[in-house]
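Down below is the structure, laid out as structure tokens.
Read-outs: derived from the displayed coordinates by stated rules, not from any lab. Being a predicted model, the structure only gives us computed values, none of them experimental. So basically every Cβ, Gly included, is an ideal-geometry build from the backbone, and we count neighbours across all protein chains shown.
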Amino acid sequence: MEKKYMNDSIVQDIADAKEITWVNPEKKPWKEAMNNLGVTGEEIDDAEARLNRFAPFIMKCFPETKEKEGLIESELVQISRMQAYLNQANEGTVRGTLLLKKDSHLAVAGSVKARGGIYEVLKHTEDLAMEEGLITQQDDYSRLADEECRQFFRQYKIQVGSTGNLGLSIGIASAAVGYQVIVHMSSDAKQWKKDMLRRHGVTVIEYDSDYSEAVKNGRKESDMDLKSYFVDDENSKNLFMGYAVAARRLKRQLDEKKIRIDEMHPLFVYIPCGVGGAPGGITYGLKEIWGDNVHVFFVEPTQAPCMVLGMATGLHSRICVQDVGLTGQTHADGLAVGRPSGFVGKVMEPILSGEFTLDDRWLYEYMRALVNTEDIFIEPSSCAAFEGPVRLEKAEATRDYLKKHGLEAQMEHAVHIVWATGGMLVPEEIRKEYMNTRL
Ligand SMILES: *Cc1c(COP(=O)(O)O)cnc(C)c1O
């Protein structure tokens, strides 16, 4: 073990499944961090331009995106009633403005995975189509939806390992292009997600094991087939860049709402974390725009805190939650990941502010509170994010963080964004079941 963090009391607390607040000791000022991350702003530009090229195609395949002209983008809404509720329940800790980024309601896949997952399928599609001479970058990409092109894509396979939502996103998008799709689902995946995929003509292979095992098998099967492409959630830079584009669009939404972000108006963003791709990509995108004025915290379940375990030990993907005696099992199916992405953990090392972990029962409490106060339903996994604003000014570690960064006086003008990562596709009867779940 290269770092001696294993003796750290925070690692002991993680192993004991305690709710922890961790501030990242490796975080650097943005100016120092930005040039050594192994990812660049040009790569986000490239991803954004590609999504724009595909907009006519997306609009054709998914008419629900017409209003946004083929962009798959979610709303940013203020949730003052939820803020009042949280303050009442927690004695007034959330100051400033509380906003919800509703990736829970993204078109096509109903989760944050509609960003990275669909982007990666489109990127692969462009690569194949250009190689075959079906399109050039100047063409109207809607022609890729023609029967002739669909026939071409039909020869190819896309495979992915998933706890549910990534499978939905890749499955629905790939089926729309015309690919054969195989989704390798971990034991955490909900039945309704498998059913929905099968209705889209996707082959679902079920595993008794966890996410890492599903990924390993999926990768192996795909590697044996020359015409198969594996979407590698643990290592994919494409996924990461698809997620990163979110920040550019968020900037436009904040500008439209005349919400300023600067030294006097710091931005705090809280994102539920599984393997790390979605929250990591979004974080990089946010830092690239707002640098030191944005502070990003991930939130994970106490039984599957793989990213904070990887970061606090410095071991990243060389450690998993089972190594410290945790089960990896959680009601937050979207976050039920035992081993973090090594690629993402390394990129986060100098830029992530910190992490919170929480017990599963709060997921349902936050979920009910959001329905009751704002009439917005999001799935339990994505409710983890609410623990961020609640704990920021309560926990000693984050209070010290605010002090150290000279932010205490600015908290009245702070902007908090809770990133809602999934929920729109959850069937009515499952919502009812969740609404009545008390742990
Ligand atoms: C996948 C997912 C996340 C986290 O994304 P990762 O890339 O796995 O870290 C968060 N919330 C929901 C609902 C998800 O499906």
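Listing for the model above:
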item: Extension gain (nm, one decimal) between T327 and K220, 0.36 nm per residue minus Cα-Cα; result: 36.0 nm
item: Amide H within-cut-off set for F268, under 5 Å, with H built and near neighbours excluded; result: H295, V415, H416, I417
item: Alpha-carbon Rg with Dmax, taken over region 110-202, Å; result: 13.7, 44
item: Residue order, fewest to most surrounding Cβ atoms within 10 angstrom, among T136, T302, T398; result: T136, T302, T398
item: Simple spin-label estimate for H200 and A49 in nanometres, 7 Å along Cα-Cβ; result: 2.9 nm
item: Average projection area in nm² (convex hull over Cα atoms of region 53-159, one quarter of hull surface); result: 9.2 nm²
item: Convex hull per residue volume in Å³, alpha carbons only, for the chain; result: 138 Å³
item: Sorted largest first, extent of region 157-253 alpha carbons per principal axis (Å); result: 42, 30, 28
item: Helix-only CD estimate at 222 nm, as mean residue ellipticity for the chain, using -39500 (n - 2.57) per DSSP H run (n ≥ 4); result: -13500 deg cm²/dmol
